[in-house]
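Chemist: Questions regarding the structure given below will be posed in turn.
The values are calculated or read from the model by the stated rules, or taken from the named source; none is laboratory data. All figures in this text were calculated on a predicted structure; none of them were measured in a lab. A quick note on method: Cβ atoms are made from the backbone with ideal geometry, for glycine too, and the neighbour counts reach across all protein chains shown.
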């Protein structure tokens, strides 16, 4: 009887029917021209979603973590210096990866719940007269805390410092759901996966490299083979891969690209914001706080919700799964037990979101929290009904 | 973006994943032993769900309406007399079919919202000393009004009158969701389809014939070929069909039979009752009435909800589809515009039901009804959280 | 390990991937405008495939047999006279259906292996001065014998006799695979199903009614409800059905219509002819005869192959299934045990056909027939390689 | 119209229906106990297929190439010495990966078409008194040449030399299709993927580590994060992953494990050998040679077939794709243009193999090679019909 309820984890998302079908494909020869008809449009589609005219897009049978590794190992050398803020579990893990690859990381410790402090970046970069820092990491959307950072500000920090470091952005839980501007923000490597804004099953690391990042690949000496973008580029030029690609998922990838571009990216972002606003309205009605410190950093793809002191937020997630068959996200790292997360990205509708809100309410009441059943739902309903604009035309799609 | 919200029509239901897959099947030779391995277990499974040791089960590529025609044309002759109550659109249509096939129907007009008046049946049958009435029709669950009738009482009426008429029961929207006792109630022909309690796509008429009904097929002279149960029985004896069967759907049919019997029929009925009770709790909180006149006739598969006078209930259905992408059922026939219907059968969960209730609330408020947002939801939440017993074990299934 | 080999039964055919997917659909509200977007294009597509500007197309959750019943019960009355040739199992069954519905059939017994004797039809129709014959049946392609009849000649017979009888054509195994001209041939009712030329799973009866046939529905008094075209037409006018339609299959039906019309009907017919010619070349190489008496009646969708006297042709079919996991068709009725059938319709390729030919060869040698392994294959290969014209463009589709 | 013909590339294979379905799965929470029910049986199943009681199995969202990298980066350090034979494109690529990761490779150049010269390995290992060689690479089945190597002999070489080096085996195109004995052969790391013997879509690297290899992971200092087996092991202990796993493919992986173990591994190997023998019989009948130098190295999963001098073997592959819609494999590296490859692994049947053989014949004749149509087919037919033992029971599965 499972599979009937939506999932509310911050990715993998609920998979739309047409994406399920496009990804579930019989075997074709991945060394034939047929494969080129899948590969090239998928890369083009991603490029448009990145809002880039210059990015070279690479797609690995991997995950977002593999995308991080692609960014690092193709452009950097052992001992290189990195600048990064740690403000959640995913920025933490990327930093950890840097260290394990022998990179020296200047870590800007940032409260979990706040965004990247671009001013601190600017200070550090300005102080780095010798330009020892080769790359700046920025997690656009911290999935662990539901915090969005201002990438344009990070770019301004680099520019203000006149610093040539590469800008690597983790857009795993933002790209295709929230505004992302590869070219305008001067991003050098953008990293995402198939299972978030693209709404596909997990299994693809999707990365975009700027011309400057491509230049850096000629210098970087970290060992790499599986994630080597040159092998990949050489393959692409022949409609092929350096190894066996995940053809079905790549075929699938064409579908969300088409869907999202047809819908219009700005509408996609507005749609995500609307669903998120409803969830946040419910959180407010519950008298709870978001982990995200202020509205300017609220994520439109995931909300991490702080529960009262002396309450184990993870109990909500466990109970929701066991009693109601609904999946929420647990708190990770520093906020483990302190927050639970509601993922609201991808093809989630207001109607689906309401069932998640209603379930969270039931769990919280079941666990003795002082919550009035229906109150969060009512507040979200009020917001959703006021902001809904689905026309018969759209409903029919 | 559609297909993400559940449907709340009273059938076809939301189709569980495993049933989708079992029904979507490559071509096999339907004249091979392989087909027998699909056919016979499906018929056995249906028999168990009918709670019958004696029924002969026939499965036609058709719909419930085809099942009605199977019942009539195999057992009756032009001019035969029929007794039937009209208490909703579906009982009305079956009566209409009788008339179009040249049968004389004694119609017991019954208020839409009430169940079959077994006492009236008894009077009429008792008065029919010559036993001219050959068959009694009974719609177990009037899908149009959300009204369940007491089939055991109809059987008692026949017995009390000492009347030999056949008992034909339309169990389209009850079988496999609500208690149905073919043998115990002395049902002669039971009719259902694939798309309700069996949760499959529409496309199969499923009927059970008692030994007495099989006897009657030797006498009935109404013309029939496609729906002839003798041709069907002859085919079955050879692992075959008199024509091309809908193999995929029949393969699919094995899946819900297995699922429901594994769960236990009584648990299935309790599960349906629980989901229905939550919906009814919301209706009460809204201050609205069910079309069903009293609790003893409340259907556990569909609720028809009366809206205030001078309000067009169909507007709710239209708005839900257009604005929220959610499907409810409209009122039909006498209650068109007066009720809207929430289907809650099949694999619907409490979580899904809450999203339907929340959507109905939004629509009613949008349309100016005096409804407090969240109130119906809260009442249903309270009921659901009190009655939920999903264990991790079950959640994992 | 099954499902890997193609099937070679004369329908249901191997189902192309995109048709599997289009038919496997989540539940939508079949009373919503969404359904209209499936229904109307499907009906329009069928009409074009019938090569008709005037036909009214009806689609029933049923089978070809249901289509026959639709033709008869909507237009005729008990006691009406019918003219029909019996030249195979399927023409026989349609005649049987007429008789069971109280129609008087003038049967033109025709050797199994020959087409409809249009001259005999003309004699009988000319002799029927009182125009008691209300309908003429014609099986366009006798699936049991692999015999195509000349429907244009049947129309000429009617015209030459100046006879107003309706012309009903069973195009179950011809429509969408072989040339069919509803308007040009003056067909009044054409009958087919989803599982042959349309390459879908079984489950739909698809019929076209001419304006003249629609007129006749006002006169015909045979009882009908499930197959009533007036109820159907009334439903269609409201994007709906008189009962629950098989939505998934109807959605699926749009796909082959699109595919075949995009390919071009004449190309579709040439493609079928080419595959059939290869099979026939193999049969010739084996020194065997077709059941079809002469090239002008050779079917391009199925070949019934006569085996030597004192040999049970059914053994080939049984052995192919048991030893090689391949499905051929057995002989039916008069030719049971005398022929086995290779279906070669739908999306069958030359490559697939060769595997069927190779399998038949192995079976015949296994069973002691005097056949040289590889000879039929070689002859078919020679034909196929000479006639293949698949371009990279097409291969890529 | 594509997707109807089988593919004859040496992986990804044709995907059995049940594997397609098991891999195509709605989203579940990959941090829930539900995921553990997928993860652990999949790892256990792989272990059994490796014939190991001791291997620790790791599954990465990646490809076989990622499996190679897992083997190297987890156990070795920059500057470590490796011993490897180069006898085809895939052994070449693994060597190249070693070099790119700063490992010093002693390359035993071996004619493409021959297996690993275990005696040369023994000489070199014996000469390595200081045990500088840390790992020995062995490609069990060279997919490029269709050559199987004797891994037991490689183990004996290590043992005879008393050398402690780790034994890394590339079993990408052998495991689950040909006999593989992890424990008996003293394999330390075995590498495969989802898309060969496991018959799934590409997307998983599957590796087994011996206890000795796990020990080595404590010493190896090559940088690694994505492919780190410790992170993976830590995740597994909590039913989880260090990042988002490809849940659908892992669910799918349970299916071939179950199928193959139910069939019995020895039967699986015999089945592959039988299909391969038929293909080789055809090659012999064509008067062509295999790239594989002698019967003891013939691969049962892929045959690389040498074409006459001055003929471009790749033309066959191109023509097969363009004209017949059939995929064969091209020659790679040293044998590019000199061989074409027929993959015959996975769920391929004799009937499917015959269609591949027939297609290859047509292409060769089309391209002017002196081949008699049907001769290769006939020889394979003779072999297949003599060796087939499919019973009705099995056919029905």
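Chemist: Which condition breaks for residue B:224 when tested against (1) under 28 Å from residue C:224 (Cα atoms); (2) facing another protein chain (nearest Cβ under 9 Å); (3) part of a helix (DSSP H, G or I)?
Modeler: (3)
Chemist: Which one of B:59, B:95, B:28 is more than 30 Å from residue C:101 (Cβ to Cβ) and at pLDDT 95 or above?
Modeler: On the way: B:59 fails: more than 30 Å from residue C:101 (Cβ to Cβ); B:95 fails: more than 30 Å from residue C:101 (Cβ to Cβ).
None of the others qualify; the one that does is B:28.
Chemist: Out of all the residues in region C:45-62, is one or more within 27 Å of residue A:16 (Cβ to Cβ) and surrounded by fewer than 24 Cβ atoms within 10 Å (Cβ to Cβ)?
Modeler: For region C:45-62, residues within 27 Å of residue A:16 (Cβ to Cβ) and surrounded by fewer than 24 Cβ atoms within 10 Å (Cβ to Cβ): present.
Chemist: Identify all residues within region A:27-44 that are surrounded by fewer than 18 Cβ atoms within 10 Å (Cβ to Cβ) and within 10 Å of another protein chain (Cβ to nearest Cβ); write none if there are none. Can you show your working first?
Modeler: Step one: of region A:27-44, the residues surrounded by fewer than 18 Cβ atoms within 10 Å (Cβ to Cβ) are A:33, A:36-37, A:40-41, A:44.
If the condition is that a residue be surrounded by fewer than 18 Cβ atoms within 10 Å (Cβ to Cβ) and within 10 Å of another protein chain (Cβ to nearest Cβ), then A:33, A:36, A:37 are the ones that fit.
Chemist: Considering each residue of region B:213-237, count those that are over 25 Å from residue C:221 (Cα atoms) and in contact (Cβ under 8 Å) with a residue 60 or more places away in the chain, and give that number. Before the answer, list the steps.
Modeler: At the first step, the residues of region B:213-237 found to be over 25 Å from residue C:221 (Cα atoms) are B:213-215, B:232-237.
Retained after the next criterion (residues that are in contact (Cβ under 8 Å) with a residue 60 or more places away in the chain): B:213-214, B:232-233, B:236.
Going through region B:213-237 one residue at a time, the tally reaches 5.
Chemist: Going by what's in this entry, would residue A:270 be described as free of Cβ contacts under 8 Å to residues at least 12 places away in the same chain, in a helix (DSSP H, G or I) and not assigned by TED's automatic domain parsing to the domain that holds residue A:174? First the steps, then the outcome.
Modeler: On the way: free of Cβ contacts under 8 Å to residues at least 12 places away in the same chain: yes; in a helix (DSSP H, G or I): yes; not assigned by TED's automatic domain parsing to the domain that holds residue A:174: yes.
Against the criterion (free of Cβ contacts under 8 Å to residues at least 12 places away in the same chain, in a helix (DSSP H, G or I) and not assigned by TED's automatic domain parsing to the domain that holds residue A:174), residue A:270 qualifies.
Chemist: Kindly evaluate residue B:41 against the criterion of being within 23 Å of residue B:237 (Cα to Cα), more than 20 Å from the chain's Cα centre (by Cα) and at pLDDT 95 or above.
Modeler: Numbers: within 23 Å of residue B:237 (Cα to Cα): yes; more than 20 Å from the chain's Cα centre (by Cα): yes; at pLDDT 95 or above: yes.
Criteria met by residue B:41.
Chemist: Now a separate question. Taking interchain pairs and intrachain pairs at least six residues apart, which have beta carbon atoms under 6 angstrom, with the first residue in region B:81-109 and within 10 Å of chain C (Cβ to nearest Cβ) and the second surrounded by fewer than 18 Cβ atoms within 10 Å (Cβ to Cβ)?
Modeler: Listed pairs, sorted by first residue: B:102/B:78.
Chemist: So, one more: With the condition kept exactly as written, say whether any residue in region B:131-141 is touching a strand residue (DSSP E or B) at 6+ places or on another chain (Cβ under 7 Å), crowded, with 21+ Cβ neighbours inside 10 Å, assigned to a loop (DSSP other than H, G, I, E, B) and not assigned by TED's automatic domain parsing to the domain that holds residue B:269.
Modeler: yes
Chemist: I would also like to ask the following. Of D:311, D:340, D:328, which residue is farther than 16 Å from residue D:143 by Cβ and in the same structural domain as residue D:362 (by TED's automatic domain parsing)? Show your work before the answer.
Modeler: Values: D:340 fails: farther than 16 Å from residue D:143 by Cβ; D:328 fails: farther than 16 Å from residue D:143 by Cβ.
Answer to the selection: D:311.
Chemist: Can you name the number of the only condition in (1) crowded, with 24+ Cβ neighbours inside 10 Å; (2) under 22 Å from the mean Cα position of the chain (by Cα) that residue A:359 fails?
Modeler: Here residue A:359 meets the rest and fails (2).
Chemist: Looking at residue B:5, is it in contact with a helix residue (DSSP H, G or I) (Cβ under 9 Å, 6 or more places away or on another chain), closer than 30 Å to residue C:224 by Cα and not assigned by TED's automatic domain parsing to the domain that holds residue B:355? Before you say what the answer is, go through the steps one by one.
Modeler: Numbers: in contact with a helix residue (DSSP H, G or I) (Cβ under 9 Å, 6 or more places away or on another chain): yes; closer than 30 Å to residue C:224 by Cα: no; not assigned by TED's automatic domain parsing to the domain that holds residue B:355: yes.
It is false that residue B:5 is in contact with a helix residue (DSSP H, G or I) (Cβ under 9 Å, 6 or more places away or on another chain), closer than 30 Å to residue C:224 by Cα and not assigned by TED's automatic domain parsing to the domain that holds residue B:355.
For every residue, the table says whether it meets (1) in contact with a strand residue (DSSP E or B) (Cβ under 8 Å, 6 or more places away or on another chain); (2) more than 17 Å from residue A:299 (Cα to Cα); (3) more than 8 Å from chain B (Cβ to nearest Cβ).
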position	(1), (2), (3)
A:332	no, no, yes
A:345	yes, no, yes
A:358	no, yes, no
A:368	no, yes, yes
A:372	no, yes, no
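Chemist: Right, something else. Every residue in region D:229-263 that is facing another protein chain (nearest Cβ under 8 Å), more than 20 Å from the chain's Cα centre (by Cα) and buried (at least 20 other Cβ atoms within 10 Å of the Cβ), please.
Modeler: Across region D:229-263, the qualifying residues are D:243, D:244, D:245, D:246, D:247, D:248.
Chemist: Being at negative phi, assigned to a loop (DSSP other than H, G, I, E, B), touching a strand residue (DSSP E or B) at 6+ places or on another chain (Cβ under 9 Å) and at pLDDT 95 or above, is that true of even one residue in region A:249-266?
Modeler: First pass over region A:249-266, keeping only residues at negative phi: A:249-263, A:265-266.
Now restrict to residues that are assigned to a loop (DSSP other than H, G, I, E, B): none.
The answer is no, given that none of the residues of region A:249-266 is at negative phi, assigned to a loop (DSSP other than H, G, I, E, B), touching a strand residue (DSSP E or B) at 6+ places or on another chain (Cβ under 9 Å) and at pLDDT 95 or above.
Chemist: Would you check which residues across region C:111-130 are closer than 30 Å to residue C:329 by Cα and crowded, with 18+ Cβ neighbours inside 10 Å and list them? Give the derivation first.
Modeler: From region C:111-130, those closer than 30 Å to residue C:329 by Cα are C:111-118; that's our starting set.
Those that are closer than 30 Å to residue C:329 by Cα and crowded, with 18+ Cβ neighbours inside 10 Å: C:112, C:113, C:114, C:115, C:116, C:117, C:118.
Chemist: Name the residues in region A:179-193 that are over 16 Å from residue A:153 (Cα atoms) and surrounded by fewer than 24 Cβ atoms within 10 Å (Cβ to Cβ), would you?
Modeler: none
Chemist: Go through the residues of region D:3-18 one by one and say whether even a single one is surrounded by fewer than 21 Cβ atoms within 10 Å (Cβ to Cβ) and within 8 Å of chain A (Cβ to nearest Cβ).
Modeler: If we filter region D:3-18 for residues that are surrounded by fewer than 21 Cβ atoms within 10 Å (Cβ to Cβ), which is where we start, we get D:3-4, D:16-18.
Still in the running and within 8 Å of chain A (Cβ to nearest Cβ): D:3.
For region D:3-18, residues surrounded by fewer than 21 Cβ atoms within 10 Å (Cβ to Cβ) and within 8 Å of chain A (Cβ to nearest Cβ): present.
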